[in-house]
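One structure below.
The values are calculated or read from the model by the stated rules, or taken from the named source; none is laboratory data. No experiment lies behind these values; they were computed from the predicted model shown. Cβ: placed from backbone, ideal geometry, glycine included. Neighbour counts: every protein chain shown. Accessible surface areas use protein heavy atoms only, side chains included; no ligands, DNA or RNA. Shrake-Rupley method; radii C 1.70, N 1.55, O 1.52, S 1.80 Å.
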Amino acid sequence: MPHQTISNSGQPAAIVVENVVKRYGAFAALNDINLEVGKGEKIVLCGPSGSGKSTLIRCINHIERHDGGRIVVDGVELTGRIADINSVRCEVGMVFQSFNLFPHLTVAENCMLAPMKVRGISRSEARDRALSLLRKVRIQDQADKYPAQLSGGQQQRVAIARALCMQPKIMLFDEPTSALDPEMVKEVLETMVGLARDGMTMVCVTHEMGFAREVADRVVFMDRGSIVEEAAPETFFQAPRTERARSFLNQIIH
Amino acid sequence: MNSLDFSIVAQAWPYLWSGLLFSLSLTAAAFAIGMVLGTCLALVQHFEIRGLAQIVRGYVALIRSIPLILVLFWFFFLVPIVLGHLSGSGRPVPIGATATAFITFELFEAAYYSEIIRVGLRAVNKGQFEASQALALSTYDTYRHIVLPQVFRVASPIILSQTIILFQDTSLVYVLSLTDLLGAASKLAQLNGRLVEMYLFVAVVYLALSSAASQCVAILRKRYAVAAAHR
Amino acid sequence: MFGVLFEQAADGQRYIDWLLSGLGWTLALAFFGWWIAFGIGVVVGIGRTVHNRVFSIAARLYVEIFRNIPVLVQMFLWYFVLPEVVPNALGNAIKQMPPPWASFVPALLCLGLYTASRIAEQVRAGIEALPKGQIEAASALGLGSYATYRYVIVPQALRLIVPSLTSEVMGIYKNTSVALTIGLMELTAQARQISEATFQTFTAFGAATIIYLCLALVAYQAMTLIDRAVRIPGTTPAKLTVEQDLAADGPHVENLPGAMEVVK
């Protein structure tokens, strides 16, 4: 049953996470998480490694299955049903830390495969769409190369274009810049900023605080499987309320 | 030590050539069908299909533990009986040594190829599955377009090496008195008494073909290593 | 079902005695062939990695020739061709060997030399998989190339390839059956002979199959024990399964490119 939740802004929420629990054996990776993301909202998730931030966004498109609580994405609750999961995944794009491009397909083919197989659009339409989104991430001249021929930053931009080709309503980013050499971080962040300007709903796990300041509506700080603090970026960076957030910020800024 | 006379080989060439063609077609059939079956066997194990996976594992372990000659003898004996049961008559259906050899090599090689592919499947990076999931690709599309192409690519040098061994192993159909390259040479040698020239020639042909194919494997391997380094 | 094996055959023995005698020849061939193969394989494998051109070309030629001719053809070369191409006196001496030896000796040479070419490739892969720093450290310590190989390289490489050698052990015992083509009455040949004498094909082949399976199990267990015995304390255990030669997880596959090849 589609479930509608109305967020504070009065619009239906894009993502609702209620009392979500995820365990690995005895270890609780997520411990009673509540989070609501409005349409068009940009959230930056941060926290020390092992805090559960990646697990949370992986649960949102069901790459990991949550053990308790509810996750509702764009009005569809993620139960075990394959149809629900797939309809959610069509609306949610994901970008991984390690790119996960398909090495045996060209850049364009990487972008064309899912729209053709899942959305059922024609090859020529898929190629047009792929090229226009590759242009958007400023990499259209590499369309017929293979991923291994590109730099890390270029590969990650391809991964973003690949996700966008499914015309998702929501984009999830799982530490998109942490596997990159420093000089390539900027080009990927610029792409993400551009996407944010276009009004995309975004949940980003990242430690790029400049990015958070520039685009985030809210920063969500997690530690040991719980949300410890939620605030507007200015408030969070200038006056973190909790000791844990303070020591985390000290570590990443030093 | 008698002097060698290789003109005898030239005279015998048409017959030897037909033998070589037999060896090559047996290799090709065993490769094609063995790969298809082997992929199925590997997927059955990979997906842990209940009941079936155990049977497949047993089959593969059994085939890999006993000599090919014994497998040939088994099939020579069993295939007519099984076919008899399948046809419903219950009486053995004699299908001849050639058909037996083809069936044996196809099923036998399937076990070997399935091991290569099974391990290749395990070697595919977890991120590939996650990215496919995130793009909402179905399990079928994920395996058809993402996973299997990568497995075949990564495993291609090993698959090719295995096929070279297969080509050499087809000479064992000698025990079924078939006329493959070696069988042809052996039959001629018994007629004309020129064992030395015949067997030396056969050895050279096998050596040339297998070495050439091994060079291809080496090139493939190098190319794969380069591609991996670029990643 | 196996009752027939305990009946008496035409020669006064029981059929089970035929099988056991076949097993004896199979084991003898595999055992002695293995040591020939191991000795030559290690030397040739080292030869593939040294800088000396003569050595490395000779080693390469050895591997190419012995690996690229089918075992059965090699069997025929040793059995039929060799006595004809050596000086007459020697050829006649070979031909006059008494029956089981006339087949056993060529089969032993054939399997030993063939398997050696495969072991050589494993040894080479093992040596090439070692970190470069090992050779550099050895030369920095002033070790000569013999000492470097003898005390540093080979001991490590051999440990590394124990799992892939398991498949070579399996390979040589399975290949012993090829000796039946030159008349050695090993296990498979005896099974066929029993089948022809009794028409109990299922029993005869079944018994042989079970024996081969037991041998595979013993070989596998023995190699597991060896692997455990020679493992360097503190290193992770090499994965030893029956299909070990294929184990791809971990760095194994990249390190040992030849290791995934399968022997029959």
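Please find the FRET efficiency linking residue C:17 to residue C:134, where r is the Cβ-Cβ separation and R0 is fixed at 51 Å, and quote it to the nearest 0.05. The partial results should precede the final answer.
On the way: r = 53 Å, r/R0 = 1.03.
Efficiency, from the Cβ-Cβ distance: 0.45.
Round to the nearest 10 and give me the degree value, 0 to 90, for the angle of helix A:123-136's Cα axis relative to the longest principal axis of chain A.
Between the helix axis and the principal axis of chain A, the angle is about 60 degrees.
Determine one quarter of the surface area of the Cα convex hull of the protein assembly as shown, which equals its mean projected area, and express it in nm² to one decimal.
Over every viewing direction, the Cα hull of the protein assembly as shown projects on average to 42.1 nm².
Quick one: helix B:148-169 against the long Cα principal axis of chain B, what's the angle to the nearest 10°, folded into 0 to 90?
Taking the Cα atoms of chain B, the angle to B:148-169 is about 20 degrees.
By how many nm would the segment from residue B:53 to residue B:122 lengthen if fully extended, with 0.36 nm per residue of separation less the alpha-carbon distance?
23.3 nm
Find how much the distance from residue A:28 to residue A:121 grows on full extension, using 0.36 nm per residue of separation minus their present alpha carbon separation; answer in nm with one decimal.
Values: separation 93, 0.36 × 93 = 33.48 nm, distance 4.14 nm.
Full extension of this stretch gives 29.3 nm more.
Taking 8 Å as the Cα distance limit and 6 or more residues as the minimum spacing, I'd like the relative contact order of chain A as a percentage.
Once divided by the residue count of chain A, the mean separation gives 25 percent.
Just to check, using Stokes-Einstein with a Kirkwood Rh over alpha carbon pairs, what's the diffusion coefficient of region B:27-156 at 25 °C and 0.890 mPa s in µm²/s? Could the numbers behind the result be given before it?
Details: Rh = 16.3 Å.
Translational D for this selection: 151 µm²/s.
Between the alpha-carbon centers of region B:91-137 and region B:4-83, tell me the distance in whole angstrom.
So the separation of the two Cα centres works out to 13 Å.
Rounded to the nearest 5, what % of the DSSP beta bridges within the protein assembly as shown are antiparallel ones?
Within the protein assembly as shown, antiparallel bridges account for around 55 percent of the total.
Given a Förster distance of 60 Å, report the FRET efficiency between residue C:9 and residue B:138 from their Cβ-Cβ distance, rounded to the nearest 0.05.
Details: r = 61 Å, r/R0 = 1.02.
With a Förster radius of 60 Å, E is 0.45.
Which links in A:42/A:117; A:22/A:53; A:22/B:126; A:39/A:117; A:136/A:186; B:187/C:95 stretch past 23 Å when you go from one Cα to the other?
Beyond 23 Å: A:42/A:117; A:39/A:117.
Check every DSSP H run in chain C and write down those whose alpha carbon atoms cover 30 angstrom or more along the long axis and whose mean Kyte-Doolittle hydropathy is -0.5 or greater.
TM-like helix candidates: C:15-49, C:99-129, C:201-230.
Need one number: nm distance between label points at residue B:82 and residue B:223, each 7 Å from Cα along Cα→Cβ, rounded to one decimal.
Output for this residue pair reads 3.6 nm.
Computed over the Cα atoms of region A:6-160, what is the convex hull's projected area averaged over all directions, in nm²?
Its average projected convex-hull area is 10.9 nm².
Multiplying the sequence separation of residue C:147 and residue C:89 by 0.36 nm and subtracting their Cα-Cα distance, what value in nm do you get? List each step's numbers first, then the result.
Values: separation 58, 0.36 × 58 = 20.88 nm, distance 4.32 nm.
Gain in length upon complete extension: 16.6 nm.
Just the Cα atoms of region B:90-222: what Rg and Dmax do they give in Å?
Computed over the Cα atoms of region B:90-222, radius of gyration and Dmax are 20.9, 69 Å.
What whole number of Å gives the distance from the Cα centroid of region A:71-136 to the Cα centroid of region C:94-152?
53
Just want the answer: with Cβ charges of +1 for Lys and Arg and -1 for Asp and Glu, which residue in C:18, B:101, C:135 is farthest toward the dipole's positive end in the protein assembly as shown?
C:135
If we count every other residue with Cβ under 11 angstrom of residue A:241's Cβ, Lys/Arg +1 and Asp/Glu -1, where does the sum land?
-1
Counting only protein chains, not ligands or nucleic acids, how are C:176, C:49 ordered by accessible area (probe 1.4 Å), most first?
Largest to smallest exposure gives the sequence C:49, C:176.
I need the chymotrypsin sites (Phe, Trp or Tyr not before Pro) found in region B:13-87, filtered to DSSP loop residues with at most 14 other beta carbons within 10 Å of theirs.
Qualifying residues, ordered by number: B:47.
Could you check which residue among C:164, C:139, C:177 shows the biggest mean-square fluctuation in a GNM of chain C with a 10 Å Cα cutoff?
Most flexible of the set in this elastic network: C:139.
Over chain C, what is the relative contact order in percent, taking alpha-carbon pairs closer than 8 angstrom and at least six residues apart?
25
Quick check: net charge around residue C:21, other residues with Cβ under 15 Å of its Cβ, Lys/Arg +1 and Asp/Glu -1? Walk me through the intermediate numbers first.
Numbers: positive: C:14, C:192; negative: C:11, C:17, C:186.
For residues surrounding residue C:21, the net value is -1.
Of all accessible surface on the protein assembly as shown at a 1.4 Å probe, what whole percent is carbon and sulfur?
Here it works out to 61 percent.
Residues of region A:45-66 with the amide nitrogen closer than 20 Å to a label point 7 Å from the Cα of residue A:230, along Cα-to-Cβ, please.
A:45-48, A:51-62, A:66
What number do you get for region A:34-104 when its Cα radius of gyration is normalised by 2.2 N^0.38 Å, N = residues?
1.18
Just need log10 I(q)/I(0) for chain B at q = 0.07, 0.12, 0.18 Å⁻¹, Debye formula, equal scatterers on the alpha-carbon atoms, no solvent, rounded to two decimals.
Cα-only, vacuum Debye calculation for chain B: -0.31, -0.81, -1.31.
What are the radius of gyration and Dmax of region B:1-61, computed over its Cα atoms and given in Å?
Taking only Cα atoms of region B:1-61, I get Rg and Dmax of 21.3, 64 Å.
Kindly write out, for region A:216-228 in residue order, the coupling ³J(HN,Hα) from the Karplus curve 6.51 cos²θ - 1.76 cosθ + 1.60 (θ = phi - 60°), rounded to whole Hz, with x marking Gly and Pro.
Once θ is set to phi - 60°, the couplings for region A:216-228 become 6, 7, 9, 10, 10, 9, 10, 8, 6, x, 10, 7, 9 Hz.
Nothing charged except the Cβ atoms of Lys and Arg (+1) and of Asp and Glu (-1): what's the magnitude of the dipole of the protein assembly as shown about its Cα centre? Round to the nearest 20 debye.
It comes to approximately 380 debye.
Output the direction-averaged projected area (hull surface divided by four) of the convex hull of the alpha-carbon atoms of region C:2-232, in nm².
Values: hull surface 61.1 nm².
Here the figure is 15.3 nm², rounded to one decimal.
Give me the net charge for the shell around residue B:44: Cβ to Cβ below 15 angstrom, other residues only, Lys and Arg +1, Asp and Glu -1.
+2
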